[in-house]
1. Residues in the stretch 139-149 that are crowded, with 16+ Cβ neighbours inside 10 Å, within 16 Å of ligand 2 (Cβ to nearest atom) and of a type in the set (A, V, I, L, M): how many?
2. Residues in the stretch 150-159: is at least one among the β-branched types (Val, Ile, Thr), open to solvent by less than 40 Å² (accessible area, probe 1.4 Å) and touching a Gly at 6+ places or on another chain (Cβ under 7 Å)?
3. Would you list the helices (runs of 4 or more DSSP H) that sit entirely within the stretch 168-255 and hold 3 or more residues that are at pLDDT 95 or above and open to solvent by less than 70 Å² (accessible area, probe 1.4 Å)?
4. Quick one: which residue in VAL90, VAL86 is of a type in the set (A, V, I, L, M, F, W, C), more than 16 Å from ligand 2 (Cβ to nearest atom), assigned by the TED database to the domain that holds PHE174 and assigned to a strand (DSSP E or B)?
5. Give the residues of the stretch 66-81 that are hydrophobic (A, V, I, L, M, F, W, C) and not in a helix (DSSP H, G or I), sorted by residue number.
6. With respect to GLU65, determine if the residue is over 30 Å from ASP115 (Cβ atoms), in the same structural domain as ARG173 (by the TED database) and either within 16 Å of ligand 1 (Cβ to nearest atom) or free of Cβ contacts under 8 Å to residues at least 40 places away in the same chain (or both).
7. So, in the stretch 100-123, exactly how many residues are closer than 25 Å to GLY194 by Cα, open to solvent by 40 Å² or more (accessible area, probe 1.4 Å) and either touching a residue at least 40 places away in the same chain (Cβ under 8 Å) or away from ligand 1 (no atom under 15 Å from the Cβ) (or both)?
8. Just to be sure before I move on: is PRO165 more than 16 Å from ligand 1 (Cβ to nearest atom) and over 14 Å from the mean Cα position of the chain (by Cα) in the structure I sent?
Amino acid sequence: MGHKRLMRIGVVGGGAMGCGIALELAIAGRQVVLFNRQAESSEAARVKLERDAALLVETGMLGAEQRTTALARIHRTTVLAEAAVVQDLVIESIPEDLALKQQLFKELDRLASPDTLLATNTTALSVTAIARDCAHPERVLSAHYYLPAHLVPLVDVIPGEKTSPDAVETVRRFLEELGKSPVVFAKDVPGSVGPRLQQALIGEAFRIVQEGVATPEMVDRVLTQGIGRRLGASGIFDRLDLVGLDFITNILRGSGRPVPPVLAQKVDQGELGLKTGQGFYPWTPDSAAAFEERMARHLITQLREDRAAGRLPTPESGE
Ligand SMILES: NC(=O)c1ccc[n+]([C@@H]2O[C@H](COP(=O)([O-])OP(=O)(O)OC[C@H]3O[C@@H](n4cnc5c(N)ncnc54)[C@H](O)[C@@H]3O)[C@@H](O)[C@H]2O)c1
Ligand SMILES: O=C(O)[C@@H](O)[C@@H](O)[C@H](O)[C@@H](O)CO
């Protein structure tokens, strides 16, 4: 089935997330109407858009002329109807408050024609609940971006209980056209996957600080100079395959932690990761070497940048 190309987009809530979303849309040639309730917050959005665009130009991600054209595609308004009427898609990014979002979606649902898609950027609320008072909940879905929205590729696409498959597929394709990496999740589970993983990390970080094991600065250093560095090139399951599923099982057992059944089963079957050609992923010698090389290149890039910026000492040459 042919899917509608989404060219006119309303963004409601020009704060930290809404500005990044609007900028990326405009760079990709979309006409954007960016709604803020107050003239002051709309002016703050203008300043933020200009600053973010300037950095893209400085880093060579965007030409100077492209920047001017893109910013001109963003029309800022304090009139909600302008962001909702005659749009192909409206993306909501107002504060994380269910009653506020329900009220806004009721209003958007009334203002926008039934073929205008409505997306929420909620982090942890149910999209089904947000669409509760909409007459057309089939066009409401969640498109959860990550901060800063124009620089992090992942967008979680989450259908509500009544969202039409066509709306989901149209938004998924649209995000790909923008150069994003959309992942469609099957269930409307508040918090979906990324925020849930982050909350586990945040919870553990607080426990570590409260137990007096490390200061917040130490925790941040462990992340930025240690485990966080690798996360740009690997996830959890491919990394476990790299270190060996038997190895991680021994670590869990040694520290008195339960071994998840899916992990124990893999180890019992001799599926230990890269070294056996099968773990959570299948591996060939070539794909394993490519994975290790990609990781090494990623780490080299970060080392080089940190040393050049003086964030890490440059090692003695040994000459
Ligand atoms: N900040 C993040 O890391 C992040 C990441 C992903 C998703 N989100 C989600 O995005 C949404 C927005 O977060 P943010 O960080 O951009 O917040 P923010 O406070 O920076 O921006 C919210 C914007 O909405 C405006 N606003 C407030 N009340 C409004 C209303 N009733 N109607 C219309 N506009 C209103 C504010 O003036 C502001 O411009 C939240 O649902 C949040 O959970 C945030
Ligand atoms: O990291 C992000 O950009 C988002 O997922 C946020 O909504 C937020 O950091 C939550 O993950 C916190 O749990």
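The values are calculated or read from the model by the stated rules, or taken from the named source; none is laboratory data. Because the structure is predicted, anything quoted here is derived from the model rather than measured. Here the Cβ positions follow ideal geometry from the backbone for every residue, glycine too, while neighbour counts run over all protein chains shown. Surface areas here come from the heavy atoms of the whole protein model, side chains and all, with no ligands, DNA or RNA. Shrake-Rupley method; radii C 1.70, N 1.55, O 1.52, S 1.80 Å.
1. Total satisfying the criteria: 2.
2. No, that holds for no residue.
3. Because the criterion is at least 3 residues that are at pLDDT 95 or above and open to solvent by less than 70 Å² (accessible area, probe 1.4 Å), the helices (runs of 4 or more DSSP H) in the stretch 168-255 that meet it are 194-210, 237-243, 245-254.
4. Just one listed residue meets the conditions, VAL90.
5. Those that are hydrophobic (A, V, I, L, M, F, W, C) and not in a helix (DSSP H, G or I): ILE74, VAL79.
6. Answer is yes for this residue.
7. 1
8. In short, yes.
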